[in-house]
1. Evaluate the following for residue 41: is it under 23 Å from residue 167 (Cα atoms) and within 16 Å of ligand 2 (Cβ to nearest atom)?
2. For the range 115-139, give me the residue count where each residue is farther than 21 Å from residue 58 by Cβ and more than 14 Å from ligand 2 (Cβ to nearest atom).
3. I'd like the full set of residues that are touching a strand residue (DSSP E or B) at 6+ places or on another chain (Cβ under 9 Å) and within 18 Å of residue 121 (Cα to Cα), limited to the range 58-81.
4. Does residue 144 fit the bill of being more than 16 Å from ligand 2 (Cβ to nearest atom) and closer than 29 Å to residue 17 by Cβ?
5. Conditions first: (1) touching a strand residue (DSSP E or B) at 6+ places or on another chain (Cβ under 8 Å); (2) modelled with pLDDT of 95 or more. Residue 1 passes all but one, so which condition is the exception?
6. How many of the residues making up the range 173-192 are surrounded by 16 or more Cβ atoms within 10 Å (Cβ to Cβ) and within 14 Å of ligand 2 (Cβ to nearest atom)?
Ligand code: SIN
Ligand code: MN
């Protein structure tokens, strides 16, 4: 494990290839129950380039009217979110220095042209809990900055099977995905990148 900036813990190759396949199989089932949706920016209604779904008691959603929030049901189907996949829960248990379980597992799907602008994860009520991330499929260029938007940033690649955690001084760091490097992984037959982020939303 490496600490790329204080509090950003990077565990390259955390999942074996077999585990990556197992996790993708669980995510295929999850997406049948909770289809990918396209979130929209608050106020402007502009679509994200990333499509999303969630697992767990709560899921992160966003739309024009009500903005960023967590809710217990899918925004289109109204159904509860499916359970957090076993290997995602294990990543939290292995990596998070936090005794309570995650409540949300946001699943982001990036096609080759998708990206995510610099932002902070601050819709949770408990910043003592880390955010744990798993990457599957194509490599991305990930960017990490400081707790102020203007702070200098660094970028590094996240590859299929890598785990990463934003904790402590990096918990509220600005971060984003600059680009997807198409064709860098054979894990997902149609290409693209999946990212899972495990989050604790409420104070225990
Ligand atoms: C996120 O910040 O929600 C996703 C980060 C990633 O895709 O690696
Ligand atoms: Mn984020």
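The values are calculated or read from the model by the stated rules, or taken from the named source; none is laboratory data. This one's a predicted model, so the numbers in the text were calculated from it and none came from an experiment. Positions of Cβ are backbone-derived with ideal geometry, glycine not excepted, and every protein chain shown enters the neighbour counts.
1. In short, no.
2. Residues meeting the conditions: 4.
3. 58, 59, 60, 61, 62, 63, 68, 69, 70, 71, listed by residue number.
4. Details: more than 16 Å from ligand 2 (Cβ to nearest atom): no; closer than 29 Å to residue 17 by Cβ: yes.
Here the answer is no, as residue 144 does not meet what is asked.
5. Just one mismatch for residue 1, condition (2).
6. Total satisfying the criteria: 5.
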